[in-house]
Amino acid sequence: MTLADTVPPPDLYITAELERRPPKAIDYQGEKLALKDIAAQMLNHPGQVLPRLVERAMQLTGAASAGISAFEPEHGTPGLFRWRDLRGKLASFEGATTPRDYSPCGVCLDRFEPTLTRHPERYYGWIAEAGVVCPEVLLVPLYMAHGQPLGTLWIVAEEAGHFDAGHAGVMQELASFVGIALAMLQNQRRLQEALERQEMLTREMDHRVNNVFAVVDGMIHASRLSAGSVDGYARSLSGRLHALAAAHALVREASGTEADGPPASAGTLHELTRAIFKPYEASGQASDRPRLVVNGADVPLGNRAITSLALVFHELATNAAKYGALSEEAGCVSVSWERCGEHLAVRWHEEGGPPIQGPSQRQGFGSILLRNTLTRQLGGTFELDWREPGLAVMFSLPLSRL
């Protein structure tokens with residue numbers, strides 16, 4: 001039988017004693033200065049909000065040590081606490097972890113109120129094994145303003161009977177203020193991220209419009225070479241423009257789907273590549289060789305993945321039509337993919353286009369879009385190989401993100 005299976009001592013949690021103890025003089029000026037200090041950190045140094053809370057807690061309570069047990073959820077488990085911003089005698093335990101369901105911090109979060117415990121090492125084996133003696137520990141829950149659990153603030157006294165209701169009240173006020181401050185910082189970060197996404201979309205739209213003009217110009221040229229009459233020219237150009245519109249509609253429809261929740265199957269990789277590549281499968285090239293060759297077992301795609309990959313393949317095809325293999329009549333592109341464990345390895349290979357002299361000295365928006373989409377949105381890896389015969393692009397994507 002483990003220690004966790006034993007009955008805890010009846011005097012392990014003694015929160016009720018806080019109200020029975022004679023209150024010490026409350027340092028209202030110190031509390032006011034602490035609030036001003038934490039507010040200043042929130043404005044100027046957000047990363048120092050929690051460390052300053054710990055320091056002020058020690059000052060206001062006269063404790064020997066203090067710290068934050070930050071809650072880290074883990075899928076399929078109750079999660080754990082990680083000690084951070086430790087001050088005083090226990091500072092050497094910075095970064096240590098403790099179980100969520102077997103610790104005073106977990107009890108404090110469950111009770112949602114300040115909690116006082118006496119010599120917790122008597123029941124919690126991991127405290128005793130660390131050689132730590134805690135005559136008395138006052139714990140205060142830390143929650144964001146909207147209820148997200150952050151962890152607990154804990155304060156250790158060197159002697160029993162040290163803490164009273166005044167200490168608990170002050171610490172609870174500071175903790176509540178910090179929760180509001182952190183929620184404001186989180187909302188500010190989300191707003192900033194939304195603004196950055198909006199800026200990216202604006203730049204992307206400008207980039208897409210310019211690309212459409214370039215692609216249409218190439219289609220006009222290709223259609224002129226292959227057409228035997230004005231009517232044939234019109235039919236050829238109209239068909240390619242309609243195919244290009246279909247590819248853009250695929251991206252737009254996928255972009256308009258719900259972003260939250262598990263990804264639903266919105267199509268397959270073969271369906272996506274057919275729609276995206278159709279505008280570039282021009283007839284009338286110098287040989288009967290296909291302009292684009294696709295190989296690989298079909299892969300189902302969710303809404304978010306189909307959006308991202310549509311942009312990736314559209315960007316690569318547009319670049320090939322403007323500068324690479326598809327800008328020459330004899331040029332061609334091969335796209336292949338295969339499953340490698342939990343990842344999908346994709347290769348884009350161009351040949352027959354203008355010789356490449358080396359990587360561009362300037363990273364354009366298209367390259368930035370490719371890298372951000374593949375690495376940030378899809379969690380993959382991305383590599384460009386500027387081969388003289390033609391560009392090669394390799395990327396690997398987690399199947400779980402598709």
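Bear in mind these aren't lab numbers, they're just calculated from the coordinates by the rules spelled out. In this text, all values refer to a predicted model and were calculated from it rather than measured experimentally. All Cβ positions, glycine included, derive from the backbone under ideal geometry; neighbour counts span all protein chains shown.
See the values below:
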| read-out | value |
| --- | --- |
| For the stretch 193-198, 3J(HN,Hα) per residue [Karplus equation, 6.51 cos²θ - 1.76 cosθ + 1.60, θ = phi - 60°, Hz, x = Gly/Pro] | 5, 5, 5, 5, 5, 5 |
| Part-to-part distance (alpha-carbon centres) for the stretch 315-335 and the stretch 47-90, which is given in Å | 56 Å |
| Cα centroid separation - the stretch 151-206 against the stretch 119-136, whole Å | 29 Å |
| Reachable lysines, given that their alpha-carbon falls under 24 Å from the alpha-carbon of Lys24 and they are not under 8 places away in the same chain | Lys32, Lys36, Lys89 |
| Gain on full stretching of the segment that runs from Glu388 to Asn372 - 0.36 nm per residue minus C-alpha separation | 3.2 nm |
| Amide H partners (placed H, <5 Å) of Ala64, local residues excluded | Val156, Ala157, Glu158 |
| Amide hydrogen neighbours beyond the local backbone of Gly267, cut-off 5 Å, H modeled | Leu301 |
| Phi to ³J(HN,Hα) by Karplus 6.51 cos²θ - 1.76 cosθ + 1.60 over the stretch 332-341, Hz, x for Gly, Pro | 8, 10, 10, 10, 9, 8, 8, 7, 10, x |
| Likely footprinting exposure, Arg304, Arg376, Arg111, fewest C-beta neighbours within 10 Å first | Arg376, Arg111, Arg304 |
| For Arg387, distant residues with modelled amide H under 5 Å away | Ala392 |
| Potential lengthening between Tyr28 and Asp231 on full extension [0.36 nm per residue; Cα-Cα distance subtracted] | 64.3 nm |
| Least to most buried among Ile127, Ile68, Ile180 (fewest other Cβ within 10 Å first) | Ile180, Ile127, Ile68 |
| Note, ³J(HN,Hα) from phi for the stretch 94-104, Karplus 6.51, -1.76, 1.60, rounded to Hz, x at Gly and Pro | 3, x, 5, 10, 9, x, 5, 9, 8, 6, x |
| Cβ-Cβ FRET estimate between Ala40 and Arg190, R0 fixed at 30 Å, reported to 0.05 | 0.85 |
